[in-house]
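Inspection log for the structure reproduced underneath, given as structure tokens.
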Amino acid sequence: MSKPMYRARLPQTASKIFLTDGGMETTLIFHEGLELPLFMAFPLLDDERGHRHLRDYYRRYCKMAATAGLGFVLESPTWRANRDWAGRISYSGLRLAGVNRKAIELMLNLRAEFETPASPMPISGNIGPRGDGYVPGKLMSAAEAADYHGEQIATFADTAADMVSAFTLNYAEEAIGIARAASAAEMPVVISFTVETDGRLPTGQTLREAIEQTDMETGAAPAYYMLNCAHPTHFEAHIAKGGRWLNRLRGLRANASCRSHAELDAATDLDAGDPVDLGKRYADLRRRQPHINILGGCCGTDHRHVEQICFACTAVAA
């Protein structure tokens with residue numbers, strides 16, 4: 001079995017720009033016409049046709065990063081490969097663990113194909129919230145979250161994954177539980193919160209408060225924090241205020257659309273926004289906070305958006 005390459009030292013914690021991919025699920029649904037049950041990409045790993053769609057999706061981004069001489073974080077397609085969500089389509093137990101392992105194997109194959117000395121490609125086991133990413137719903141305690149997410153984290157810890165990343169988290173206790181479970185499994189962990197149009201988490205907590213609470217209650221266990229599934233217009237003003245807490249925020253995966261979470265949830269169309277404008281907004285944020293170096297997209301974004309982010313932000317770095 002392959003061993004982790006970067007688990008002891010994540011290369012993206014230095015100053016080099018690392019790209020990530022865009023909005024996988026929206027790309028596969030709206031651009032490729034695939035049906036993803038409950039917005040889940042991981043079932044595509046069950047057959048060769050689905051596997052090929054995923055490989056082709058990632059290859060475009062890997063090639064982009066390698067051509068630009070940038071790093072790339074390979075995020076596995078396992079955002080909803082957890083017990084509750086997977087159970088709704090009859091995945092459980094060994095089958096669920098198996099598909100999480102398959103996802104890391106896909107990432108390993110992509111790294112073998114595209115990684116160069118100038119483009120390191122750490123592998124991340126992607127974790128999503130237990131509930132809906134847009135609505136907090138039934139809140140867990142940190143202990144409950146650690147127990148729940150510990151299953152998926154333990155599976156990733158037994159693979160060649162270098163880290164785990166938890167995306168679209170909307171309250172601090174779930175983040176705290178994930179960070180504690182990852183620490184217990186000796187896995188580096190990244191926490192990514194989402195915010196509403198007012199720049200606050202759906203619970204009303206500010207991003208600063210959520211990051212500071214998570215750090216305080218975990219001994220600053222996360223390697224760094226990210227922000228995803230919100231448009232820059234929703235959080236630019238909060239970042240512009242500055243503060244030491246921003247030193248912990250290293251990554252952005254913004255939505256293409258300025259719509260609220262409620263509007264996106266109800267939408268039947270894809271709002272792809274303006275890729276050029278999105279790239280410029282990332283570049284403006286990096287001028288103020290140059291340590292933000294892990295850059296990609298979320299809902300509605302595709303390779304065009306990440307290309308513009310790459311162009312704009314490498315110009316700033318130069």
**Report entry** Every residue from the stretch 288-310 that is in a strand (DSSP E or B) and of a type outside the set (Gly, Ala, Ser)
**Finding:** Ile294, Leu295
Query raised in the report: If you take the residues in the stretch 132-159 that are among the β-branched types (Val, Ile, Thr) and within 28 Å of Gly98 (Cβ to Cβ), which one is surrounded by the most Cβ atoms within 10 Å (Cβ to Cβ)?
Result: Ile153
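Kindly indicate whether Asp162 is buried (at least 18 other Cβ atoms within 10 Å of the Cβ) and either more than 19 Å from the chain's Cα centre (by Cα) or closer than 21 Å to Asn228 by Cβ (or both).
On the way: buried (at least 18 other Cβ atoms within 10 Å of the Cβ): yes; either more than 19 Å from the chain's Cα centre (by Cα) or closer than 21 Å to Asn228 by Cβ (or both): yes.
Yes: the conditions hold for Asp162.
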**Report entry** Those residues of the stretch 272-287 which are touching a Cys at 6+ places or on another chain (Cβ under 8 Å) and either closer than 17 Å to Phe30 by Cβ or of a type outside the set (D, E, K, R) (or both), in sequence order
**Finding:** Gly273, Gly279, Tyr282, Ala283
Query - Those residues of the stretch 241-278 which are buried (at least 22 other Cβ atoms within 10 Å of the Cβ) and farther than 22 Å from Cys310 by Cβ, in sequence order - result: His261
Query raised in the report: Are any residues in the stretch 10-37 small (Gly, Ala, Ser) and over 25 Å from Met226 (Cα atoms), and if so, which ones?
Result: Gly33
Report task. Taking the options Arg95, Arg80, Arg9, name whichever one is over 20 Å from the mean Cα position of the chain (by Cα), more than 24 Å from Cys310 (Cβ to Cβ) and free of Cβ contacts under 8 Å to residues at least 60 places away in the same chain. Result -> Arg95
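Bear in mind these aren't lab numbers, they're just calculated from the coordinates by the rules spelled out. Just so you know, these numbers come straight off a predicted model, no measurement behind them. Every residue, glycine among them, receives a Cβ derived from its backbone with ideal geometry; neighbour counts consider all protein chains shown.
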